[in-house]
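What follows draws every value from the coordinates through simple rules; no lab data is involved. Keep in mind that this is a model prediction, so the values were computed, not measured. Reconstructed Cβ throughout: ideal geometry from the backbone, glycine too, with neighbour counts over all protein chains shown.
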Amino acid sequence: MDHVPCLQAWAESLGGIHYPLLSDFWPHGQMSNEYGVLRAEGFSERAIFVIDRKGLIRYIDIHDIGNQPSNAELFRVLREVDPEASARFPEQQPDQVALPHGGIVMYCTPWCSDCRNARAWLKANNLPYTEVDITTTPGAAEQVEAWAHGNQTTPTFDIDGVIVVDFDEARLREVLKDRLK
């Protein structure tokens with residue numbers, strides 16, 4: 001049900017994919033309802049449907065709204081469904097990367113509005129931090145999932161070993177009280 005700018009940001013985060021993406025923003029939830037993923041509260045589950053050129057659903061991935069689907073799995077499916085068009089997304093084995101520790105480390109995604117708000121809050125409070133994009137840093141998404149009980153919740157903060165899941169300003173103020181001016 002994401003609107004077009006959100007889908008554009010997601011496509012960019014995937015390396016600029018050029019597959020048609022459907023925005024179900026208006027009329028609100030019509031396709032989500034048709035596909036059975038619209039909740040009674042008026043929002044959908046986080047769902048990805050890969051539909052081939054013949055109009056056949058080739059893949060369905062449904063998560064709770066707070067759980068980020070795996071980009072690696074999506075690329076695997078795209079390679080399987082359309083090998084020619086997806087040739088520029090070869091299967092990659094991620095290199096082991098040591099994730100940063102110490103100070104304020106914010107795990108985020110480029111399109112997350114809470115991440116943008118957290119960046120602004122950290123800047124407004126003159127708090128230096130290290131940013132880790134969980135969509136491009138090997139092992140980062142898995143680390144966030146471990147901290148957030150299986151969800152890829154962004155932002156997630158590692159503040160000298162204290163984990164704060166989501167942009168919880170009150171909790172951040174509590175953890176960072178000695179650093180806030």
Q. For ASP24, what is the net charge nearby, where nearby means another residue's Cβ is under 15 Å from its Cβ and Lys, Arg count +1, Asp, Glu -1?
A. -1
**Q.** Mean Cβ count within 10 Å, highest first, over the residues of peptides 140-146, 152-158, 43-49
**A.** 152-158, 140-146, 43-49
(Q) Need one number: nm distance between label points at LYS54 and GLU73, each 7 Å from Cα along Cα→Cβ, rounded to one decimal. (A) 2.5 nm
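Report the antiparallel proportion of the DSSP beta bridges in the chain as a percent, rounded to a multiple of 5.
Rounded to the nearest five, the antiparallel share is 80 percent.
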Q. Taking the Cα atoms of the chain, what is the range of coordinates along each of the three principal axes, in descending order and whole Å?
A. 59, 40, 26
Q: Sort all Cα-Cα distances of region 4-81 into consecutive 5 angstrom bins from zero, then give the percent of pairs in each bin up to the one containing the longest distance.
A: 3, 13, 23, 28, 23, 8, 2
Q.
If the rule is a partner Cβ under 4.7 Å, which cysteines in the chain fail it?
A. CYS6
Q) In the neighborhood of TYR129, defined by Cβ-to-Cβ distances under 14 Å, what is the net charge if each Lys or Arg adds +1 and each Asp or Glu adds -1? A) 0
Q. Most mobile of PRO83, PRO110, PRO20 per a Gaussian network model of the chain (Cα springs, under 10 Å)?
A. PRO20
(Q) Taking just the alpha-carbon atoms of region 104-175, what radius of gyration and Dmax come out, in angstrom? (A) 11.1, 31
Q: Just subtract the alpha-carbon distance of SER23 and ALA11 from 0.36 nm times their residue separation and send over the number in nm, one decimal.
A: 3.1 nm
